[in-house]
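In what follows, a single structure is set out as C-alpha coordinates and then discussed.
The values are calculated or read from the model by the stated rules, or taken from the named source; none is laboratory data. From a predicted model like this one, the values you see are computed outputs, not experimental measurements. Counting neighbours? That spans all protein chains shown, and the Cβs are built from the backbone with ideal geometry, glycine included. Calculation scope for accessible area: heavy atoms of the full protein, side chains included, ligands and nucleic acids excluded. Shrake-Rupley method; radii C 1.70, N 1.55, O 1.52, S 1.80 Å.
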Amino acid sequence: MSFRATILTLYPDMFPGPLGHSLSGRALNEGTWALETVQIRDFALDKHRSVDDTPAGGGAGMVMRPDVLARALDSTAPADDPRPRLLMSPRGRPLTQARVRELAEGPGAIILCGRFEGVDQRVIDTRGLEEVSIGDYILSGGEIAAMVLLDAVVRLLPGVMGNEHSGTEESFENGLLEHPHYTRPAVFEGIPIPEVLVSGNHKKIAEWRREKSEALTRDRRPDLWEAYVRSRG
Ligand code: SAH
(Lines give C-alpha, C1' and ligand atoms only; values in the text may rest on other atoms or scores of the structure.)
Protein backbone atom coordinates (compact mmCIF):
# COMPACT_ATOMS: atom_id res chain seq x y z
CA MET A 1 0.00 0.00 0.00
CA SER A 2 1.40 3.41 -0.91
CA PHE A 3 1.59 6.43 1.40
CA ARG A 4 -1.82 8.13 1.67
CA ALA A 5 -2.19 11.72 2.82
CA THR A 6 -5.56 13.19 3.71
CA ILE A 7 -5.62 16.94 4.30
CA LEU A 8 -8.47 18.64 6.14
CA THR A 9 -8.46 22.31 5.18
CA LEU A 10 -10.58 25.34 4.42
CA TYR A 11 -8.47 25.81 1.27
CA PRO A 12 -8.39 22.50 -0.63
CA ASP A 13 -7.52 24.36 -3.86
CA MET A 14 -4.07 25.08 -2.43
CA PHE A 15 -3.21 21.39 -2.98
CA PRO A 16 -1.23 19.78 -4.48
CA GLY A 17 0.34 23.20 -5.23
CA PRO A 18 4.11 22.86 -5.08
CA LEU A 19 3.74 19.15 -4.32
CA GLY A 20 2.44 18.69 -7.87
CA HIS A 21 5.87 19.59 -9.28
CA SER A 22 9.28 17.98 -9.55
CA LEU A 23 9.99 14.82 -7.53
CA SER A 24 6.82 14.84 -5.43
CA GLY A 25 4.68 15.66 -8.48
CA ARG A 26 6.08 12.79 -10.50
CA ALA A 27 5.65 10.44 -7.55
CA LEU A 28 2.04 11.61 -7.17
CA ASN A 29 1.34 10.92 -10.86
CA GLU A 30 2.95 7.53 -10.63
CA GLY A 31 0.89 6.57 -7.56
CA THR A 32 3.84 6.33 -5.17
CA TRP A 33 1.73 8.40 -2.85
CA ALA A 34 -1.87 9.61 -2.85
CA LEU A 35 -3.31 12.95 -1.80
CA GLU A 36 -6.91 13.58 -0.80
CA THR A 37 -8.28 16.91 0.40
CA VAL A 38 -11.34 17.40 2.55
CA GLN A 39 -13.18 20.73 2.74
CA ILE A 40 -13.84 21.29 6.44
CA ARG A 41 -16.70 23.65 5.60
CA ASP A 42 -18.66 20.73 4.11
CA PHE A 43 -19.11 19.51 7.69
CA ALA A 44 -20.54 22.73 9.08
CA LEU A 45 -23.77 22.37 11.02
CA ASP A 46 -25.64 25.61 10.36
CA LYS A 47 -27.03 27.29 7.30
CA HIS A 48 -24.21 29.84 7.29
CA ARG A 49 -21.74 26.94 7.12
CA SER A 50 -19.67 28.51 9.90
CA VAL A 51 -16.50 26.76 10.99
CA ASP A 52 -15.24 29.21 13.62
CA ASP A 53 -16.50 31.26 16.52
CA THR A 54 -15.26 33.81 19.05
CA PRO A 55 -12.80 32.64 21.73
CA ALA A 56 -14.23 31.64 25.10
CA GLY A 57 -12.79 34.02 27.69
CA GLY A 58 -12.52 36.82 25.15
CA GLY A 59 -9.64 38.13 23.10
CA ALA A 60 -8.78 38.64 19.48
CA GLY A 61 -9.51 36.39 16.53
CA MET A 62 -11.62 33.31 16.02
CA VAL A 63 -11.28 29.66 17.00
CA MET A 64 -12.17 26.63 14.87
CA ARG A 65 -15.19 24.81 16.26
CA PRO A 66 -14.68 21.32 17.72
CA ASP A 67 -18.04 19.95 16.56
CA VAL A 68 -17.38 20.78 12.91
CA LEU A 69 -13.81 19.49 13.03
CA ALA A 70 -14.88 16.29 14.82
CA ARG A 71 -17.44 15.55 12.11
CA ALA A 72 -14.87 16.19 9.40
CA LEU A 73 -12.29 13.96 11.10
CA ASP A 74 -14.69 11.14 11.97
CA SER A 75 -16.15 10.89 8.51
CA THR A 76 -12.74 11.05 6.83
CA ALA A 77 -10.84 8.77 9.14
CA PRO A 78 -12.76 6.12 11.06
CA ALA A 79 -11.31 5.03 14.40
CA ASP A 80 -9.60 2.00 12.83
CA ASP A 81 -7.68 4.09 10.28
CA PRO A 82 -4.06 3.30 11.21
CA ARG A 83 -2.66 6.62 9.98
CA PRO A 84 -1.37 9.14 12.53
CA ARG A 85 -3.61 12.19 13.00
CA LEU A 86 -1.54 15.32 12.86
CA LEU A 87 -2.48 18.91 13.61
CA MET A 88 -0.14 21.51 12.19
CA SER A 89 0.48 23.84 15.12
CA PRO A 90 3.20 26.21 16.34
CA ARG A 91 2.72 24.64 19.78
CA GLY A 92 3.57 21.19 18.49
CA ARG A 93 6.75 19.19 18.77
CA PRO A 94 9.16 20.62 16.18
CA LEU A 95 9.37 18.39 13.09
CA THR A 96 12.65 16.50 12.76
CA GLN A 97 14.18 14.36 10.05
CA ALA A 98 13.76 11.37 12.40
CA ARG A 99 9.98 11.94 12.64
CA VAL A 100 9.82 12.53 8.87
CA ARG A 101 11.52 9.17 8.31
CA GLU A 102 9.07 7.42 10.67
CA LEU A 103 6.12 8.93 8.84
CA ALA A 104 7.58 7.87 5.47
CA GLU A 105 7.76 4.28 6.72
CA GLY A 106 4.10 4.33 7.78
CA PRO A 107 0.79 4.10 5.90
CA GLY A 108 0.33 7.87 5.50
CA ALA A 109 -1.05 10.75 7.54
CA ILE A 110 -4.26 12.58 8.24
CA ILE A 111 -3.36 16.25 8.53
CA LEU A 112 -5.58 18.97 9.95
CA CYS A 113 -4.65 22.50 8.88
CA GLY A 114 -5.53 25.20 11.38
CA ARG A 115 -6.61 28.74 10.54
CA PHE A 116 -7.50 31.82 12.60
CA GLU A 117 -6.24 31.55 16.22
CA GLY A 118 -6.24 27.77 16.04
CA VAL A 119 -8.41 24.84 17.07
CA ASP A 120 -10.65 24.22 20.11
CA GLN A 121 -8.62 22.13 22.59
CA ARG A 122 -11.37 19.55 23.05
CA VAL A 123 -11.10 18.17 19.53
CA ILE A 124 -7.31 17.91 19.94
CA ASP A 125 -7.81 15.88 23.11
CA THR A 126 -10.72 13.66 22.11
CA ARG A 127 -9.38 12.81 18.65
CA GLY A 128 -5.82 12.27 19.88
CA LEU A 129 -4.28 14.78 17.49
CA GLU A 130 -0.48 14.97 17.44
CA GLU A 131 0.54 18.63 17.17
CA VAL A 132 3.44 19.19 14.80
CA SER A 133 5.32 22.47 14.36
CA ILE A 134 7.59 23.33 11.44
CA GLY A 135 9.47 25.99 13.39
CA ASP A 136 9.32 28.81 15.89
CA TYR A 137 7.38 31.36 13.86
CA ILE A 138 3.70 31.88 13.11
CA LEU A 139 2.17 31.13 9.72
CA SER A 140 -1.31 32.29 8.77
CA GLY A 141 -2.50 28.72 8.30
CA GLY A 142 -1.50 25.08 8.47
CA GLU A 143 -1.59 24.43 4.70
CA ILE A 144 1.97 25.49 3.91
CA ALA A 145 3.17 23.69 7.03
CA ALA A 146 1.43 20.51 5.82
CA MET A 147 3.11 20.91 2.42
CA VAL A 148 6.49 21.26 4.10
CA LEU A 149 5.91 18.06 6.06
CA LEU A 150 4.68 16.14 3.02
CA ASP A 151 7.53 17.33 0.82
CA ALA A 152 10.02 16.09 3.39
CA VAL A 153 8.23 12.73 3.68
CA VAL A 154 7.54 12.07 0.01
CA ARG A 155 11.17 12.45 -1.10
CA LEU A 156 12.01 9.54 1.22
CA LEU A 157 9.42 7.16 -0.22
CA PRO A 158 10.96 4.22 -2.10
CA GLY A 159 11.79 5.12 -5.70
CA VAL A 160 11.20 8.86 -5.42
CA MET A 161 14.81 10.03 -5.36
CA GLY A 162 16.27 7.25 -7.46
CA ASN A 163 18.59 4.53 -6.25
CA GLU A 164 21.86 6.38 -6.49
CA HIS A 165 20.88 8.68 -3.64
CA SER A 166 19.37 7.22 -0.53
CA GLY A 167 19.32 10.55 1.26
CA THR A 168 21.25 9.09 4.16
CA GLU A 169 24.16 11.53 3.80
CA GLU A 170 21.92 14.57 4.04
CA SER A 171 22.03 17.18 6.80
CA PHE A 172 20.44 15.87 10.04
CA GLU A 173 20.53 12.22 8.96
CA ASN A 174 23.64 11.57 11.05
CA GLY A 175 23.05 14.40 13.51
CA LEU A 176 25.32 16.81 11.61
CA LEU A 177 24.89 19.52 8.99
CA GLU A 178 26.14 18.53 5.57
CA HIS A 179 29.58 19.52 4.20
CA PRO A 180 29.83 22.23 1.47
CA HIS A 181 29.39 21.28 -2.19
CA TYR A 182 31.37 22.23 -5.30
CA THR A 183 30.98 21.57 -9.02
CA ARG A 184 32.42 22.83 -12.32
CA PRO A 185 33.92 25.20 -13.32
CA ALA A 186 37.20 24.25 -11.65
CA VAL A 187 37.88 27.95 -10.99
CA PHE A 188 35.04 30.39 -10.32
CA GLU A 189 35.90 34.11 -10.01
CA GLY A 190 39.44 33.14 -9.14
CA ILE A 191 38.39 30.63 -6.49
CA PRO A 192 39.42 27.01 -7.13
CA ILE A 193 37.60 23.94 -5.87
CA PRO A 194 39.36 22.68 -2.70
CA GLU A 195 42.22 20.54 -3.90
CA VAL A 196 41.32 17.44 -1.91
CA LEU A 197 38.02 17.14 -3.78
CA VAL A 198 39.79 16.80 -7.14
CA SER A 199 42.52 14.53 -5.77
CA GLY A 200 40.62 11.29 -6.39
CA ASN A 201 41.65 10.11 -2.91
CA HIS A 202 38.36 8.85 -1.52
CA LYS A 203 39.60 8.33 2.01
CA LYS A 204 40.94 11.91 2.17
CA ILE A 205 37.73 13.25 0.65
CA ALA A 206 35.62 11.46 3.24
CA GLU A 207 37.82 12.84 6.02
CA TRP A 208 37.62 16.38 4.63
CA ARG A 209 33.84 16.17 4.38
CA ARG A 210 33.51 14.85 7.89
CA GLU A 211 35.72 17.66 9.26
CA LYS A 212 33.76 20.36 7.43
CA SER A 213 30.52 18.82 8.53
CA GLU A 214 31.59 18.81 12.16
CA ALA A 215 32.99 22.35 12.03
CA LEU A 216 29.81 23.75 10.45
CA THR A 217 27.63 22.03 13.01
CA ARG A 218 29.77 23.26 15.91
CA ASP A 219 29.64 26.86 14.60
CA ARG A 220 26.06 27.13 13.48
CA ARG A 221 24.12 24.67 15.59
CA PRO A 222 25.56 24.26 19.07
CA ASP A 223 22.33 22.42 20.00
CA LEU A 224 22.91 19.71 17.39
CA TRP A 225 26.62 19.59 18.15
CA GLU A 226 26.04 18.96 21.83
CA ALA A 227 23.59 16.14 21.09
CA TYR A 228 26.04 14.65 18.57
CA VAL A 229 28.96 14.69 21.00
CA ARG A 230 26.79 13.22 23.75
CA SER A 231 25.48 10.46 21.44
CA ARG A 232 29.04 9.39 20.67
CA GLY A 233 29.68 9.05 24.37
N1 SAH B 1 -2.70 31.55 17.84
C2 SAH B 1 -1.80 30.49 17.49
C3 SAH B 1 -1.30 30.65 16.05
C4 SAH B 1 -2.36 30.40 15.01
S5 SAH B 1 -1.72 30.47 13.39
C6 SAH B 1 -0.63 30.50 18.46
O7 SAH B 1 -0.24 31.56 18.92
O8 SAH B 1 -0.08 29.42 18.77
C9 SAH B 1 -2.98 29.64 12.48
C10 SAH B 1 -2.69 28.21 12.07
O11 SAH B 1 -1.52 28.18 11.28
C12 SAH B 1 -2.40 27.25 13.20
O13 SAH B 1 -3.59 26.72 13.73
C14 SAH B 1 -1.57 26.18 12.53
O15 SAH B 1 -2.39 25.21 11.89
C16 SAH B 1 -0.82 26.96 11.47
N17 SAH B 1 0.55 27.28 11.88
C18 SAH B 1 1.03 28.51 12.19
N19 SAH B 1 2.33 28.47 12.51
C20 SAH B 1 2.72 27.18 12.39
C21 SAH B 1 3.97 26.50 12.60
N22 SAH B 1 5.06 27.14 13.00
N23 SAH B 1 3.99 25.15 12.40
C24 SAH B 1 2.86 24.49 12.01
N25 SAH B 1 1.67 25.09 11.81
C26 SAH B 1 1.59 26.41 11.99
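Of note:
- Environment charge of PHE116, counting only residues whose C-beta is closer than 14 Å and scoring Lys/Arg +1, Asp/Glu -1: -2
- Separation of the range 172-207 from the range 30-103 is 44 Å, based on Cα centroids.
- On Cα atoms only, tilt of 222-231 relative to the major axis of the chain in degrees: 80 degrees
- Per residue, the range 1-71 exposes 55 Å² of solvent-accessible protein surface, assessed with a 1.4 angstrom probe and all protein chains in place.
- Sum of side-chain charges, GLU170 neighbourhood, beta-carbon under 13 Å (Lys, Arg +1; Asp, Glu -1): 0
- Fraction of antiparallel bridges per DSSP, the chain only, in percent to nearest 5: 15 percent
- Carbon-plus-sulfur accessible fraction, the chain (probe radius 1.4 Å, protein heavy atoms only): 52%.
- When the chain is treated as a GNM with alpha-carbon contacts under 10 Å, the residue of GLY92, GLY200, GLY17 showing the greatest mean-square fluctuation is GLY200.
- Full extension of the chain segment joining ARG4 with SER171 gains 57.5 nm, where the gain is 0.36 nm per residue of separation less the Cα-Cα distance.
- Exposure rank, largest accessible area first [SER133, SER22; 1.4 Å]: SER22, SER133
- CD proxy at 222 nm, helix term only [per DSSP H run n ≥ 4: -39500 (n - 2.57); per residue of the chain; nearest 500]: -10000 deg cm²/dmol
- Sorting 60-67, 201-208, 172-179 by average packing, meaning the other beta carbons within 10 Å per residue, from highest down gives 172-179, 60-67, 201-208.
- Contact order relative to length of the chain, as percent, for alpha carbon pairs under 8 angstrom and 6 or more apart: 19 percent
- Seen against the Cα atoms of the chain and their longest principal axis, helix 66-76 is set at about 70 degrees.
- Percentage relative contact order, the range 169-231, counting C-alpha pairs under 8 Å, at least six apart: 40 percent
- Amide H within-cut-off set for ARG4, under 5 Å, with H built and near neighbours excluded: ALA34, GLY108, ALA109
- Spherically averaged projected area in nm², based on the convex hull that wraps the Cα atoms of the range 3-154: 9.2 nm²
- Of ASP223, ASP74, ASP42, the residue with the greatest mean-square motion in the GNM of the chain, using alpha carbon springs below 10 Å, is ASP223.
- Shape category assigned to the range 72-148 from the gyration tensor of Cα positions, a/c cut at 1.5: oblate
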